[in-house]
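> This is the structure I have questions about; it appears just below.
The values are calculated or read from the model by the stated rules, or taken from the named source; none is laboratory data. Only a predicted model underlies this, so the values are computations on that prediction, with no experimental measurement involved. Neighbour counts run over all protein chains shown; Cβ positions are idealised from the backbone, glycine included.
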Amino acid sequence: MQDFILSTLSLEKLESLIFNQVYRAMSEFNPKPSDPVKEELLTIAHVADMLSVSVPTVYGYVHQRSIPCMKRRGRLYFSKMEILEWVKSSRRSTADEIKAEAISSLAFRGKKMDKSTAKPGKDKKTNKSSPKTK
């Protein structure tokens, strides 16, 4: 059995309470997206901590130009979004993905070989002889 509480509320107060409850329920159902424009810059120490490597290792990545960074007045800065994309781009393929890629490559190569092994003769479109190969 439900408990009922009788109270004297003004119409404005009741509308406000209902509106706040509906707004809270809707915001939980559809959370606001995070601001994609906000760019967070990291120092080399933050990047080293984020990647779980030493600071000299990050300097090595910078020297090899393998990690995206910006340099301003002798200091290195890193975009958090670019670092995350850089990490994701070095993802290793699974065995199933490698197998599927190999099969599609062989299928493509097979189509190419069929055309290249055709005998020299007259081209049906131009009605000219194709050059003979040695």
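> Name every residue in the range 63-106 that is surrounded by 11 or more Cβ atoms within 10 Å (Cβ to Cβ), within 13 Å of the chain's Cα centre (by Cα) and not charged (D, E, K, R), in order of residue number.
The answer is 81, 83, 84, 86, 87.
> Scan the range 28-52 and report the pairs whose first residue is under 15 Å from residue 70 (Cα atoms) and whose second residue is exposed (fewer than 10 other Cβ atoms within 10 Å of the Cβ) and at pLDDT 75 or above, with Cβ atoms within less than 9 Å and a gap of 6+ or a chain change.
Going by the 9 Å Cβ cut-off, the qualifying pairs are 43/75; 44/75.
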